[in-house]
Amino acid sequence: ATAAPDQLGRGPFERMVGAEAIVEAGRDAAARHGGLLAGLGPDGLDPRGAEAVFAAAAQGDPAAMEAVHTIARRFARGLAPVLLVLDPDLVVIGAGVSRAGSALLTEIRDSVGPLTLVPPRLELSKLGDDSVALGAVELALAEAATRLLPAPGYPA
């Protein structure tokens, strides 16, 4: 049986690697190791949120680095089946997780390699949080062009 989306429309993958999961992994690791993430609250209540975890990891905080490693392993386990079926040359990681920077990207690369036959090139989107909205706009524009503009070679 597959897990149903939650009330916010998030599916199982987003629940395992999204902002709330990142904060939870950071809180769990900080409970064991202390450090910069001590006292990190729930993502919706803590203004530091997931960005605090990534910033602390960039500073070498052991708890934050453990949290990034946990999220990267989850991300790789979710991504690997898609890679095995589609065999893309490039995967662009977008939305909020793309702000994580090289720390998360390196961990995902290391984790996805053993799970795939030919690991693709992985890159972070430069569009950040706007990538989803801009992709939706691009799809809408392409659909409008298909429906409203004449096909090449046909009279208008």
Restricting segment 2-47 to residues that are modelled with pLDDT under 90 and at positive phi, which is most open to solvent (accessible area, probe 1.4 Å)? G39
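Which ones in segment 113-156 are at positive phi and open to solvent by 70 Å² or more (accessible area, probe 1.4 Å)? Spell out the reasoning first.
Of the residues in segment 113-156, the ones at positive phi are 128, 153.
Matches in segment 113-156: G153 only.
Per-residue answers, yes or no, for (1) closer than 16 Å to F13 by Cβ; (2) among the aliphatic types (A, V, I, L, M):
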{"residue": "A58", "(1), (2)": "no, yes"}
{"residue": "A67", "(1), (2)": "no, yes"}
{"residue": "P88", "(1), (2)": "no, no"}
{"residue": "A95", "(1), (2)": "yes, yes"}
{"residue": "T106", "(1), (2)": "no, no"}
{"residue": "P119", "(1), (2)": "no, no"}
{"residue": "G135", "(1), (2)": "no, no"}
Considering each residue of segment 106-150, count those that are in contact with a helix residue (DSSP H, G or I) (Cβ under 9 Å, 6 or more places away or on another chain) and at pLDDT below 90, and give that number. 7
With criteria (1) over 16 Å from the mean Cα position of the chain (by Cα); (2) under 17 Å from V17 (Cα atoms), P114 comes up short on (2)
Given (1) in contact with a Pro (Cβ under 9 Å, 6 or more places away or on another chain); (2) under 20 Å from E20 (Cβ atoms), P120 misses just (2)
Is it true that A76 is among the hydrophobic types (A, V, I, L, M, F, W, C), modelled with pLDDT of 95 or more and open to solvent by less than 40 Å² (accessible area, probe 1.4 Å)? yes
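The values are calculated or read from the model by the stated rules, or taken from the named source; none is laboratory data. Fair warning: this is a prediction, and the values are worked out from it, not measured in the lab. With ideal geometry, Cβ positions are generated from the backbone for all residues, glycine too; neighbour counts draw on all protein chains shown. With ligands, DNA and RNA removed, areas are computed over all heavy atoms of the protein, side chains included. Shrake-Rupley method; radii C 1.70, N 1.55, O 1.52, S 1.80 Å.
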